[in-house]
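Here's the structure we're looking at; comments come further down.
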Amino acid sequence: MNARAYYNIAKHWELDSGYYRVDGLGDGRTAAEYERVDARLGWNPNTDFRVYVGVQDAFNRTRSEFDSFDNVHRSFFFGFSFEH
């Protein structure tokens, strides 16, 4: 299951978020069941320039997507784009 939301929170500002849940994989796969929340804040002062920051897996420092041996860590990202 997943749910996503996209908001224009003010002029030139946007907030995107997502919730992801993986469960019901059956016996022996419970280590691979997880919930994840992602978020991104973007600033678009004009149509040519954009800046953004975000986090993936905001509430879990580490989790597994397959078994107890493959750890996925929380990550932060940032970026910008310029078109002219």
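Worth pointing out:
- The set of residues in region 32-75 that are closer than 25 Å to Val22 by Cβ, in contact with a strand residue (DSSP E or B) (Cβ under 9 Å, 6 or more places away or on another chain) and of a type in the set (S, T, N, Q) comprises Gln56, Asn60, Thr62, Ser64, Asn71, Ser75.
- Looking across region 33-83 at every residue that is assigned to a strand (DSSP E or B) and acidic (Asp, Glu), the one that is nearest to His12 (Cα to Cα) is identified as Asp38.
- Top-ranked residue in region 27-63 [being within 26 Å of Ala5 (Cβ to Cβ) and either among the aliphatic types (A, V, I, L, M) or touching a helix residue (DSSP H, G or I) at 6+ places or on another chain (Cβ under 6 Å) (or both); ranked as modelled with the lowest pLDDT]: Ala32
- Applying the condition of being among the polar types (S, T, N, Q) and under 20 Å from Leu41 (Cα atoms) to region 52-84 and asking which residue is surrounded by the most Cβ atoms within 10 Å (Cβ to Cβ) yields Gln56.
The values are calculated or read from the model by the stated rules, or taken from the named source; none is laboratory data. Since this is a predicted model, take the numbers as computed values, not measurements. Positions of Cβ are generated from backbone atoms using ideal geometry, with glycine treated the same way; all protein chains shown enter the neighbour counts.
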